[in-house]
Each structure stands twice: as C-alpha cells, then as structure tokens.
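What follows is a set of notes on a single structure, which appears directly below.
Laboratory data are not the source of any read-out in this text; all were calculated from the coordinates shown. The model shown is predicted, which means the values in this text are computed figures rather than measured ones. For neighbour counting, all protein chains shown are included, and Cβ atoms are generated from backbone atoms with ideal geometry for every residue, glycine included.
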C-alpha cells in the first residue's frame, strides 16, 4: 500500500474511497495511507469498544425519524461500519433497558461510532495532504 | 467492568487510546497525551461524582 507523505494530495476518487474503506472497517483508511501504527490502534480499539457496548447490553437504535434523538443515536451507531452490520446480522444489540449497564452500553456503542467518524475525517485530512 | 467505576474506566481507556492516536504522531507523545487524558477523564468523573453526591436528586 502506498505511503502518504505530508503534503501529498490524492485524487478526489481515491480520497473518498479511502474514507469509505475507513468507515467500513475502523482504521483501514489509515492502513491504506501507510499509517500502520494508528490504523492498528483504531482497528483494535473501536471494534472492541463496540463489542463492549453489546456486552453491556446496549441497544443498536433503529432509524425512527419520528423520534429525532433515536434517529441521531442510530446514525452514531452506524458510524462504526462493518461491526454494526455484523451485530445486526447476528441479532445483537436488542438492548435490555432494565439492565444496570444499559446506558453504559449505549454510550459505548454510540461513542465507538462517533470516534470512527472522527477517524474517517482524520484519514480524509491525511489523504488531502493536510497532515 | 459491570460496575459503574469499571465501565467508566473502560470508557475512559478506549476514548484516551483513540484520541491519543488521533491527536499525536510520535509514540512517546501519544503515550503521554493518552495518560493525561485518561487521568483527566477518570479523575474528573470521580470528582464530579463526589460533587454531585450531596444532591438529593
């Protein structure tokens, strides 16, 4: 994989492809750009945080536009990419509201998705030669 | 990890690791920044908990 030197600008298509890959698999965008250490950290930490959220019985919120806060939480959840799809496919993330750890689980799931969005933005900046 | 403190510490750990990797490039700086952030999150959480303790609601 090519290493992005600071100041090296990639084509628009490349940049968006890197962002898409980085969204789908946390850290993959950085790995693509040659930032191996950061990519591996994100690849391990974010799916693990997401898994902890599921273990703590958090809920993967549905897209209910009639409830804007639920829809926003769903948007944040999906930010983690493939782990979200895998969890949904395995019927995980139903959430148990009476569990003592329910709100912690939600926080882990939502923040894992939001952090991955920040990681994607960082990959975008690197691909654009800004970092 | 299913205690309040355990969940908070785990949350702080994940957030610190990711932010340290995002905000700093050199491994040494990442470690220092991550430790400071982790300490701030956990210490701040405990401090906020004690400050809120006397509140009746």
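What are the principal axis extents of the Cα atoms in segment A:38-115, in Å, biggest first?
38, 26, 21
Determine which residues of segment A:112-131 fall in the zone a paramagnetic label at residue B:25 would reach in this model, i.e. backbone nitrogen under 12 Å from the point 7 Å along Cα→Cβ.
A:126, A:129-131
Please report, to two decimal places, log10 I(q)/I(0) for chain A at q = 0.14, 0.17, 0.21 Å⁻¹ as given by the Debye formula with identical point scatterers on the Cα atoms and no solvent.
Values, matching the q order: -0.62, -0.82, -1.07.
Which value in Å does the Kirkwood hydrodynamic radius of segment B:4-52 take, with 1/r averaged over all unlike C-alpha pairs and then inverted?
Roughly 11.0 Å, rounded to one decimal.
In deg cm²/dmol and to the nearest 500, what is the mean residue ellipticity at 222 nm of chain B if only DSSP H runs of at least 4 residues count, each as -39500 (n - 2.57), divided by the residue total? Spell out each step's value before the answer.
Details: 2 runs with 46 residues, N = 57.
Calculated from helices alone, the mean residue ellipticity at 222 nm is -28500 deg cm²/dmol.
Taking 7 Å along the Cα-to-C-beta vector as the label spot, tell me the residue A:97-residue B:1 distance in nanometres, rounded to one decimal.
2.6
State the Cα centre-to-centre distance between segment A:105-126 and segment A:18-67 in whole Å.
7
Starting from the exponent 0.38 and prefactor 2.2 Å, build the expected Rg for segment A:31-74 from its residue count and divide its actual Cα Rg by it. Display every interim value, and only then the final one.
On the way: Rg = 14.9 Å, N = 44, 2.2 N^0.38 = 9.3 Å.
Normalised by 2.2 N^0.38 Å, the Cα Rg of segment A:31-74 equals 1.61.
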